[in-house]
Amino acid sequence: MGLNDATRAPVGAAPEPFAPDLSVRIGPLTLANPVGVASGTFGYGEEYAALLDLDALGAVYTKAVTVEPRAGNPAPRLAETPCGMLNSIGLANPGLVAFIRDKLPALRARRFRTVVNVAGAALDDYVRVVEEIEAAGGVDAYELNVSCPNVKSGGMAFGTDPALVALVTEAVRRATKRALVVKLSPNVTDIRETARAAEASGADAVSAINTLVGMAVDVKTRRPRLAMKTGGLSGPALRPVGVAAVYRISRAVKIPVIGLGGIATADDALEYLLAGADAVQVGTATFADPGAALRVLEGIEAWMRQNRVARVADIKGLLIE
Amino acid sequence: MVRIDTELLSKRRVAEGYFELRLRWPSGAGAPAAGQFLTLRARGGGDPLLRRPFAFASHDAAEDEATLVIQERGSATRALATLEPGAKLDLLGPLGRGFAFPERGTEPVLVAGGIGVGPVLFLRASLDAAGVASRFILGARTAALVPESLLPRGAGVEVRTDDGSLGTRGTAADAVAALPRDARVALFACGPKPMMAALDRIAAERGWPYQAAVEEWMACGVGACMGCAVPLKGGGYSRACADGPVLDGRLVKWD
C-alpha cells in the first residue's frame, strides 16, 4: 500500500489532506504511535518531564524493576566508545515495593502507555514483580528483561537459552492478560530461536535488541574502562546489528517486533520499520538529545505523509528486496 | 532545567590546556548556583556521542552570561577548545545540587585542585556577594597549570604547586592541614580524587563539615540512567548528577 500511483493525488489537483494512522497494536494494547523510549535510558519518565512533552510518546519502557532494591554495579559504569557507549549499570533500581509506592502513581497519571521492564535473578522473581504490580492496579504492558548482559545470574542467562525464555514467558503469561513483550539479547548465535520461543510461550511481541557485550581498555592505565570489565554496547554503532536482527526475527515470527538499537533519527527508525519492525524504541540518543524520541516521531509521520502510507504496519511491506 | 541553543561569546586560554568559555545564559534558563553544572553537546552526530558535563564557573544575571573553565582532555573538549565566538552551543542546565552556604560562625575554606577550579571560583564569588569572607586555596602540579588571571582578588588566597614553581611547594591538602586544628572550618572542595580523599581524612579527624563537588562520567545528567554512580562508605551509591555533584564529602568512598 501507499507507494502505487493509485494513491497519489492527480497532477494539478490540490493535494488531498492525508493523515496517517500512527497507532500500533501490541496484543491487547494500542499504542498511540510507534515511538517509545527504551528501558534504562529514561528512568521512570518524570526525570525528563521538564525537557519534553512525555505524553506525546507512544510508550515509556521503564527502568527495570526487580523484587529487591539493587544498588547496581561498582563504578565506573560508563565508557564512551566510537559512535556508542558501554554501560554496566547492573539494574540499579529501588525495588518492587518502592516502585509501586513511589513511581507507579505518577506513571498512572500519564497519558503515555507505561511498559514496565521486569528483571530478576530467578523465574519466581519475574512472576512476583508482575503479580504485585497487577495487584496494585497494573500498568499497560510488561517487557521481560531476559537479556541484560550486566548481571551475574538471571538476565542474559535466561535470554540466551530458548528453553529458559519459554519458561519465563509462560510463567509470566499466566500472571497477566496485559500485553507481554520479551526483550531479546543479540548475544546469541541465532536470535530467531529465542524469538520463536517467546512467541510459542505466549508473548504478544518481542523487542530487539538489547545491548551487545563489549569491552574497552584504557591503554594508559592498562585497566578495563568499566569496573565490571565488560558491559553493554549501545548507540549508533549498534544499529546495523539491530536492523539485521529485526529483519530476521520478523520473518520468523508472526507477533509484532519492536525495534531498538542506535535509533537517533527518523531515518534510523524507518530502517527498522522497513526491515520488519512494528514499533521502535529510542534509547541512548535521548542522552545526547532529550527530545530525540519526539523528533523521531515527527519524522516518521512526515515520511508517511510524504509517501502516503496509511498505517505504520504498512511500512514493513515497503522494503524492496 | 532547560535545554537551550545559545552561543559562545568569547574564549580565552587561562593556563596550559585550560580555557575559559564565556557563553550566553538567558535569564529564562534559570540562575545556576555554585556547584551546579550544565551538559554540552560538542557537535551533532554520533561522535562524540554523549553530552559532556561542566560546572558553572560564574554567572552574571545582569549580562545574561555564564562561564565555564574546561580542560582539553579528549575529543569533545578538544573540539570545544577550537570553537570561535559566535559558535552555537547546545546546553542543558542548570543541573544537580550546588553548594549549601556555610553555617554562621564557621570559617569557609574553599579548596580547588586542577580543573576543579571552576565551581570553587563561583562559590567564592557567591560568598563575596553575600559578604561572607572565605579562604581560597588552589593546588596544581606546576605553575603552567594555574589559571592566575582567574584567581580571586583580596585576602586569603593561596596557591600551592607540587614542584614549588608558584606559591608554596606542596599540595592544597597540605595547606588545609596547616590550618589551626581548633578553627571552626567548613570545607568546600572540587578536585582530583587524591586531594578529595586527603581532605576527607582531615575533615573526619577534626570534625569539619566537608562539601565535596564530585566529577564522574555521565550519560543522561538528569538522574535517569544511574551511570554516574559515586560509591559511599556506608554502601550503595549516590548519583553525581542528581544527588550531587555536591555531596557530603565525609560519606563518599574516595579510594
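Annotations for the structure displayed:
- Estimated FRET transfer efficiency (A:ASP190, A:ALA122; beta-carbon r; R0 30 Å; 0.05): 0.70
- Cα coordinate range in segment B:2-95, projected on the principal axes (Å, largest first): 32, 29, 25
- Dipole in debye (nearest 20) - the protein assembly as shown, about Cα centre, beta carbon charges: Lys, Arg +1; Asp, Glu -1: 740
- Measuring nothing but alpha carbons in segment B:107-213 and taking Rh as the Kirkwood radius, the Rg to Rh ratio lands at 0.93.
- Charge dipole of chain B about the Cα centre (unit charges at C-beta), most positive-ward option of B:THR142, B:ALA183, B:MET196: B:MET196
- Among A:ALA122, A:ALA227, A:ALA109, residue whose mean-square fluctuation peaks in a GNM of chain A (springs only between Cα atoms under 10 Å): A:ALA109
- Extreme residue, positive dipole direction of chain A, given options A:VAL253, A:LEU294, A:LEU226 (C-beta unit charges): A:LEU226
- Chains B and A together, accessible area buried on both sides, 1.4 angstrom probe, square angstrom: 2200
- Relative packing of peptides A:84-94, A:278-288 - highest average C-beta neighbours within 10 Å first: A:278-288, A:84-94
- Cα Rg, Dmax, chain B, angstrom units: 17.4, 55
- Note on the protein assembly as shown: Lys pairs 8 or more places apart or on different chains, Cα atoms under 14 Å apart, count 7.
- Peptide A:278-290 - average C-beta neighbours from other chains (10 Å radius): 4
- Among the residues of B:213-220, the average count of other protein chain beta-carbon atoms within 10 Å of the residue beta-carbon is 5.
- A dipole drawn for segment B:2-95 from +1 and -1 charges on Cβ atoms has a positive end, and of B:ALA31, B:PRO94, B:ILE70 the residue lying farthest that way is B:ILE70.
- P(r) tail, the protein assembly as shown: Cα-Cα pairs separated by more than 33 Å, 47% of all pairs.
- Carbon-plus-sulfur accessible fraction, chain B (probe radius 1.4 Å, protein heavy atoms only): 49%.
- Computed with the Debye formula from one identical point scatterer per Cα of segment A:67-220, without solvent, the log10 of I(q)/I(0) at q = 0.10 Å⁻¹ comes to -0.37.
- GNM on chain B, alpha-carbon springs under 10 angstrom: the most fluctuating residue among B:TYR237, B:TYR210, B:TYR18 is B:TYR237.
- Accessible area (Å², per residue) of segment B:107-213, counting only protein heavy atoms and a probe of 1.4 Å: 40
- Other protein chain Cβ atoms within 10 Å, averaged over every residue that makes up A:68-78: 5
- The separation of segment B:172-236 from segment A:60-121, counted between C-alpha centres, amounts to 28 Å.
- Remark: chain A projects, on average over all directions, an area of 17.2 nm² (convex hull of Cα atoms).
- Computed extension gain for B:ILE4 through B:ASP128, at 0.36 nm per residue and net of the alpha carbon distance, reaches 41.7 nm.
The values are calculated or read from the model by the stated rules, or taken from the named source; none is laboratory data. Given the structure is predicted, the values throughout are model-derived calculations rather than measurements. Positions of Cβ are backbone-derived with ideal geometry, glycine not excepted, and every protein chain shown enters the neighbour counts. Accessible surface is based on the protein model in full, side chains and every heavy atom, while ligands, DNA and RNA are left aside. Shrake-Rupley method; radii C 1.70, N 1.55, O 1.52, S 1.80 Å.
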